[in-house]
Amino acid sequence: MKTFLKQLRPAIICLLAMTLICGVIYTVLVTGIAQLAFSKQANGSIIAVSLEDGSKKSYGSALIGQEFTGSEYLIGRPMMVSNLSPNSTEQQALVQGRIDWWKDLDPGSSADIPIDLVTASGSGVDPSISPAAAKYQVPRIAAARNISEDQVQAIIDKYTSGRFLGFVGEPSVNVLKVNLTLDGLSWTD
Amino acid sequence: MVILQDIFFISLLILAAIPLGLYIHKIMIGQKVFLTPVLAPVERIVYKICGVKANEEMRPKRYLLAILAFSLVGLIVLFLIQLLQGWLPLNPQQFSGVRWDLALNTSASYVSNTNWQAYAGETTLSYLTQALGMTVQNFVSAATGIAVLFVLIRGFIQREKETIGNFWVDLTRVTLYVLIPLSIVIALVLVSQGVVQTFLPNHIASSLAGGLSQVTPLGPAASQIAIKQLGTNGGGFFGTNSAFPLENPNTFSNFIETFSLLIIPSALCFTFGKAVKDHKQGRSIITVMLILFIVGLTVITISEQYLAPQFAGVVVSGNMEGKEVINGIGASALWGASTTAASNGAVNATPDSFTAFGGMTMLVLMQLGEIVFGGVGSGLYAMLGFVMLTVFIAGLMVGRTPEYLSKKIEPYDMRMVCLIIFTPPLVALLSTAVAVLMPGAAGWLTNSGAHGFSEILYGYTSMANNNGSAFAGLQANTVFTNLVGGAVMLLVRFLPISATILLAGNMSRKKSVAVSEGTLSTTNGIFVGLLIAIILIVGALAFLPALALGPIASFFTN
């Protein structure tokens with residue numbers, strides 16, 4: 001016990017020293033460099049759209065998914081986290097409900113629905129869909145907006161990111177950026 | 001693509017682990033490195049204010065008491081910061097103090113390098129609590145694990161020596177020379193990809209489709225995420241951890257985070273080989289780890305890709321429930337295997353929504369005792385426990401006194417090895433049993449039936465192996481789970497640490513014996529096979545019945 005108590009003094013001072021180094025100096029140093037070198041990313045990759053009167057309007061982070069349900073928009077993944085087993089009856093009912101919703105939205109389409117459109121993500125705010133899921137929606141968006149399918153596909157291609165090094169991860173389409181562009185809004189990255 | 005990605009990942013991991021391992025060896029023995037001119041003055045100041053003499057070594061008991069004192073102080077300070085955060089600065093969302101039982105659980109969780117989280121950071125903790133509380137414990141709990149490994153290594157290489165190093169020196173050197181520099185680099189790379197790092201309050205905007213207000217949670221996240229990955233801590237800055245786009249925005253950041261998760265535990269195998277002056281010893285251990293890891297990764301990937309339910313009218317593809325588009329099946333499976341093989345516990349997809357065999361493989365990787373890479377330091381010292389058990393059993397079979405690295409293994413050593421190896425499975429099973437018997441248990445679950453049982457089994461396995469990942473369907477923020485879980489995490493961290501240090505002390509006091517014809521080689525293929533067999537037998541004997549009730553039943557009933 002005496003040996004233990006003798007260790008308490010260095011323990012307290014050492015923890016304070018480590019708090020200063022790892023908590024204060026390290027955090028402030030990283031924040032400082034981040035704000036100087038990557039201020040846009042460090043502050044949430046916020047999309048600020050320039051309006052006609054010269055002012056700016058924020059539409060939130062490019063990295064956080066937003067809910068779209070209108071036929072004229074590219075629609076993202078379900079905005080929830082289920083934590084359900086994929087084999088459970090609850091989960092299968094949820095997926096079936098989403099399949100029906102997509103069929104209602106676009107009765108003319110005979111294509112199979114890509115899986116990411118009927119499953120929820122791990123974050124609940126996945127900003128992306130797969131290129132296949134975007135392509136599936138092109139005819140519907142083009143018809144709703146009365147523009148050509150090529151125009152819609154061109155916008156989608158513009159906001160498609162590939163795999164890192166060509167083989168790491170999966171390609172993805174940023175839903176919000178596509179929709180902002182479809183609405184004719186512009187912003188600076 | 002997926003296979004190419006995995007091969008690239010593992011090759012790069014090994015290539016980077018070798019130089020880092022040799023670098024860490026220099027830090028362990030106090031040699032000069034390229035950072036010495038910058039960091040030596042800081043190091044001296046730390047020793048001075050702590051009243052530590054850098055060249056004064058400790059006996060095992062004192063070293064252990066220093067760890068316990070340091071961890072106790074850390075626990076109390078972290079608890080108080082959480083309780084008092086409402087009155088402290090840097091709290092732009094104006095969170096009040098954390099409830100006492102949750103604060104206690106979280107403190108135990110971070111001090112024990114588990115990072116089990118029964119809360120979501122962005123709705124519970126102030127920026128001050130995150131930076132001064134969570135980030136600091138992420139660093140020092142990792143450094144403590146590595147320090148304990150250093151002690152065990154010294155036990156093997158020293159002869160007839162009573163002292164085993166100085167905890168304050170090991171802690172300071174590992175933090176300053178290894179963890180801080182790596183974290184700075186990784187944090188800045190992550191920020192450049194879109195991980196937030198700011199003290200600004202949450203950003204509120206309107207959504208494009210109208211109606212909803214769009215909240216972007218902010219905070220000093222990248223600095224904490226870097227060390228949460230590197231130190232096998234795993235506690236997310238945000239609630240959904242590295243699935244959350246502001247914690248892990250794209251394919252590159254995901255690769256970097258997965259890589260950071262395994263790099264230090266891999267490097268330490270080479271540190272070990274260098275320290276015992278026999279690279280083959282380290283190589284045979286990392287070979288065992290890699291074999292088990294690759295098997296786990298393969299099972300998870302195949303299960304997620306091919307065993308997902310299919311629906312009419314939907315493109316036939318893998319299980320995307322709970323996974324992000326940028327990761328798909330491949331990078332989610334790679335992360336899942338890595339985070340449970342190492343005792344990290346961060347997630348980039350929801351483990352609860354993995355297929356039955358995918359989730360079970362993650363469970364098994366933890367149940368093997370977090371020795372397939374495992375926690376920084378703790379993974380290797382527990383693996384060395386398994387190595388000694390294997391040597392002991394092999395010695396019994398041929399009727400020779402077992403020896404490892406020229407040290408005889410005697411009954412006292414084996415008692416310590418048993419404490420290291422058997423504490424986690426025993427505690428995991430007992431605590432699962434107690435939790436299942438609680439009258440309200442069914443109300444904590446999201447899933448029902450066998451998968452519901454898996455949620456409890458996974459939770460307590462995770463806590464009892466200092467992993468921290470969860471089948472998040474388990475409602476963990478209850479007084480019962482907070483308190484029992486907190487006790488579990490502390491027990492399985494500090495009992496094996498105590499046994500490791502006492503074991504090291506006993507080994508250090510011994511003479512070394514000459515290697516002869518009859519000495520069992522611990523570097524050849526036969527030994528690698530034997531070690532894998534012992535690991536699997538111990539793991540299977542302990543957990544097969546529980547697995548049969550959970551994921552295996554879940555697979556067959558669906």
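Going residue by residue through the stretch B:509-523, is there one that turns out to be of a type in the set (A, V, I, L, M), crowded, with 24+ Cβ neighbours inside 10 Å and either closer than 22 Å to B:Ser107 by Cα or touching a helix residue (DSSP H, G or I) at 6+ places or on another chain (Cβ under 7 Å) (or both)? No: zero hits.
Residues that are within 21 Å of the chain's Cα centre (by Cα) and within 14 Å of chain A (Cβ to nearest Cβ): find the helices (runs of 4 or more DSSP H) completely inside the stretch B:306-423 holding 3 or more of those.
Here the list reads B:328-341, B:356-367.
Considering B:Thr478, B:Thr461, the condition of being buried (at least 23 other Cβ atoms within 10 Å of the Cβ) and either within 30 Å of B:Glu321 (Cα to Cα) or among the β-branched types (Val, Ile, Thr) (or both) is satisfied by B:Thr461 alone.
For (1) modelled with pLDDT under 95; (2) open to solvent by 40 Å² or more (accessible area, probe 1.4 Å); (3) over 23 Å from B:Glu324 (Cβ atoms); (4) facing another protein chain (nearest Cβ under 7 Å), each residue gets a yes or a no:
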position: A:Leu74; (1), (2), (3), (4): no, no, no, no
position: A:Pro86; (1), (2), (3), (4): yes, no, no, yes
position: A:Leu117; (1), (2), (3), (4): no, no, no, no
position: A:Ser123; (1), (2), (3), (4): no, no, no, yes
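Tell me whether the stretch B:114-132 contains one or more residues that are over 20 Å from the mean Cα position of the chain (by Cα) and not in a helix (DSSP H, G or I). The answer is yes; a qualifying residue exists.
Scan the stretch B:218-227 and tell me whether some residue there is farther than 24 Å from B:Ala143 by Cα and at pLDDT 95 or above.
Checked the stretch B:218-227: at least one residue is farther than 24 Å from B:Ala143 by Cα and at pLDDT 95 or above.
Of all the residues in the stretch A:20-53, those that are modelled with pLDDT under 95 and open to solvent by 60 Å² or more (accessible area, probe 1.4 Å) number 3. Among the residues of the stretch B:252-261, is any over 27 Å from B:Asn113 (Cβ atoms) and more than 9 Å from every other protein chain (Cβ to nearest Cβ)? No, that holds for no residue. Taking B:Val417 as the residue in question, decide whether it is of a type in the set (Val, Ile, Thr) and open to solvent by 10 Å² or more (accessible area, probe 1.4 Å). Answer is no for this residue. In the stretch B:190-201, what residues are more than 18 Å from B:Asn241 (Cβ to Cβ) and touching a residue at least 12 places away in the same chain (Cβ under 8 Å)? Listed by number, the residues that qualify are B:Thr198, B:Phe199, B:Leu200, B:Pro201. Condition check for B:Leu22 on (1) part of a helix (DSSP H, G or I); (2) within 12 Å of chain A (Cβ to nearest Cβ); (3) over 20 Å from B:Val111 (Cβ atoms): one failure, at (2).
How many residues are of a type in the set (Asp, Glu) and either within 7 Å of chain A (Cβ to nearest Cβ) or under 20 Å from the mean Cα position of the chain (by Cα) (or both) if we restrict to the stretch B:159-201? Number of matching residues: 1. B:Val215 satisfies every condition listed in (1) part of a helix (DSSP H, G or I); (2) more than 7 Å from chain A (Cβ to nearest Cβ); (3) not charged (D, E, K, R) except (1). Of the residues examined, B:Leu83 is not one that is open to solvent by less than 80 Å² (accessible area, probe 1.4 Å), within 12 Å of chain A (Cβ to nearest Cβ) and either within 16 Å of A:Pro10 (Cβ to Cβ) or modelled with pLDDT of 95 or more (or both). Confirm whether B:Val488 is within 24 Å of B:Asn241 (Cβ to Cβ) and more than 14 Å from every other protein chain (Cβ to nearest Cβ). It is true that B:Val488 is within 24 Å of B:Asn241 (Cβ to Cβ) and more than 14 Å from every other protein chain (Cβ to nearest Cβ).
The single condition from (1) closer than 18 Å to B:Leu363 by Cα; (2) surrounded by 24 or more Cβ atoms within 10 Å (Cβ to Cβ); (3) free of Cβ contacts under 8 Å to residues at least 24 places away in the same chain that B:Val295 fails is (2). For B:Ala17, the stated conditions do not hold, so it cannot be described as in contact (Cβ under 8 Å) with a residue 60 or more places away in the chain and within 12 Å of B:Val169 (Cα to Cα).
The values are calculated or read from the model by the stated rules, or taken from the named source; none is laboratory data. Quick caveat, the model's predicted, so the values are computed rather than measured. When we count neighbours, we look across all protein chains shown, and the Cβ atoms used for this are built from the backbone with ideal geometry, even at glycine. Remember, those area values only see protein heavy atoms, side chains included, never the ligands or the DNA or RNA. Shrake-Rupley method; radii C 1.70, N 1.55, O 1.52, S 1.80 Å.
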